[in-house]
Protein chains: 2
Amino acid sequence: MIDKKEKILQAALQLFSEDGFAKTSTSRIAKEAHVSEGLIFRHFKNKEGLLQSLTKRGEEKTKALFRPILFETDPQKVIKKTIDLVIKIREVEEIFQVWKLEYKTKWEAEEYGAHKMEPLVFALTEAFQKMGFKEAKQEAHYLLVQVDGLVTRFYLQKDFDLDASTHFIKEKYKWSYT
Amino acid sequence: MIDKKEKILQAALQLFSEDGFAKTSTSRIAKEAHVSEGLIFRHFKNKEGLLQSLTKRGEEKTKALFRPILFETDPQKVIKKTIDLVIKIREVEEIFQVWKLEYKTKWEAEEYGAHKMEPLVFALTEAFQKMGFKEAKQEAHYLLVQVDGLVTRFYLQKDFDLDASTHFIKEKYKWSYT
DNA sequence: GCGCATAGTGAGTAATCACTTACAAAGGTA
DNA sequence: TACCTTTGTAAGTGATTACTCACTATGCGC
């Protein structure tokens, strides 16, 4: 049998990211994980603690997702890979759930947690500088605002054409460079 | 004494937009509105019905907000006014709450309600056509994705510099035109 | 084997949830 | 005045909530 703590985390990630933190009950999580409800509180102290465990885990998944961008030297590829982040969110089930939870939690708790994006801001700023943009940092923030818009639409608008949109944005950045 | 139905709606708008639908209880709304809890169910049938009343009202507020854009003939001003929407959201308390509720509800229910933006898509498409853009409709959608990003950041990131960002975006569209 | 920590359970807890019901007050019309 | 509809309330309803507690099962060093 797999570690029961792990099963709780998986069930909670699925349910929180699907229905949100507030309307997911601990009894529901226990049922989904095939575990007694008390075990949740043994391992995570309370419901909030369970969420925090998931958030911490998610942060590491996100760091791993950013790493190939941070080590990229070609500035144009830094930008391309940043835009392609949203495609990865769609294609990797694990990342899909983590980011959905991330954004849902943001809106439930009204905290953006900007520090998580800081390394990406840095990498993008550098990239735009190399490409000769005057307001490189502004450009970096602007691109991430667009990513936020894409993510929002991707999760919430069923018929949103993510491929077309990301391609469109990448084209924009292409001709402003060459 | 003001209409008690109206007081319920105001209290609910405030609490739903602040804490979200799921974690706002009907008893809390009644207390805030200085009204017996039963009255909520007399007027709105159930909690969901109360939310729907607010949504319907909000939709009209939003239409009124869009109107000056739809009647604008100068294409460049259509774009400028669309970007400035986000500034209006910040500055008009009423709109501030309505849109916050709108986005919170979107993320709780996972439904984008794209139809509400349809008239704006149309106006923007026309504007980009007049300005000689080839993929005018794509451009329209792209601008609205950016608006979604701005709104997300404005509500969730406390230290987000909305003025700088909107100004930056407007500049982009200025030089791509002249 | 023994002792002990950790993992796990199931039946509880009080509080709160959305919602109902029985009834009273208020307002308009005849 | 008498009648009826609408508005409003207070006290409930059973179900569900997050969480606790007393207890058992399991593994591990000795």
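Taking the stated definitions as given, is B:VAL78 more than 16 Å from DNA strand D (Cβ to nearest atom), over 15 Å from the mean Cα position of the chain (by Cα) and crowded, with 20+ Cβ neighbours inside 10 Å? Write out each step before concluding.
On the way: more than 16 Å from DNA strand D (Cβ to nearest atom): yes; over 15 Å from the mean Cα position of the chain (by Cα): yes; crowded, with 20+ Cβ neighbours inside 10 Å: yes.
Spelling it out, B:VAL78 is indeed more than 16 Å from DNA strand D (Cβ to nearest atom), over 15 Å from the mean Cα position of the chain (by Cα) and crowded, with 20+ Cβ neighbours inside 10 Å.
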key: Of all residues making up segment B:20-45, the number that are more than 9 Å from DNA strand D (Cβ to nearest atom) and either open to solvent by 50 Å² or more (accessible area, probe 1.4 Å) or basic (Lys, Arg) (or both)   = 6
query = What single numbered condition from (1) at pLDDT 95 or above; (2) within 13 Å of DNA strand D (Cβ to nearest atom); (3) away from chain A (no Cβ under 14 Å) fails to hold for B:PRO68?
reply = (2)
Residues being surrounded by fewer than 16 Cβ atoms within 10 Å (Cβ to Cβ) and hydrophobic (A, V, I, L, M, F, W, C) - total across segment A:147-173 = 1
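Where in segment B:1-70 are there helices (runs of 4 or more DSSP H), lying wholly inside it, with at least 3 residues that are away from DNA strand C (no atom under 15 Å from the Cβ)?
Working: elements: B:4-19, B:26-33, B:37-44, B:47-70.
Result: B:4-19, B:47-70.
Starting from residues that are away from DNA strand D (no atom under 11 Å from the Cβ) and open to solvent by 80 Å² or more (accessible area, probe 1.4 Å), keep the ones in segment A:46-58 and report whichever is nearest to the other protein chains (Cβ to nearest Cβ).
Start the filter on segment A:46-58 by keeping residues that are away from DNA strand D (no atom under 11 Å from the Cβ), which leaves A:52-58.
Add one more test, that the residue is open to solvent by 80 Å² or more (accessible area, probe 1.4 Å), and what stays is A:52, A:56-57.
Numbers: A:GLN52: 18, A:LYS56: 20, A:ARG57: 21 Å.
Applying the filter and picking the extreme gives A:GLN52.
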message = Residues that are surrounded by 20 or more Cβ atoms within 10 Å (Cβ to Cβ), more than 22 Å from A:LEU162 (Cα to Cα) and in the same structural domain as A:ASP148 (by TED's automatic domain parsing): does segment A:87-105 have at least one?
response = yes
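The values are calculated or read from the model by the stated rules, or taken from the named source; none is laboratory data. On a predicted model such as this, the values are computed, not experimentally measured, just so you know. Reconstructed Cβ throughout: ideal geometry from the backbone, glycine too, with neighbour counts over all protein chains shown. When the accessible area is computed, the model is the full protein with side chains, heavy atoms only, and any ligands, DNA or RNA have been set aside. Shrake-Rupley method; radii C 1.70, N 1.55, O 1.52, S 1.80 Å.
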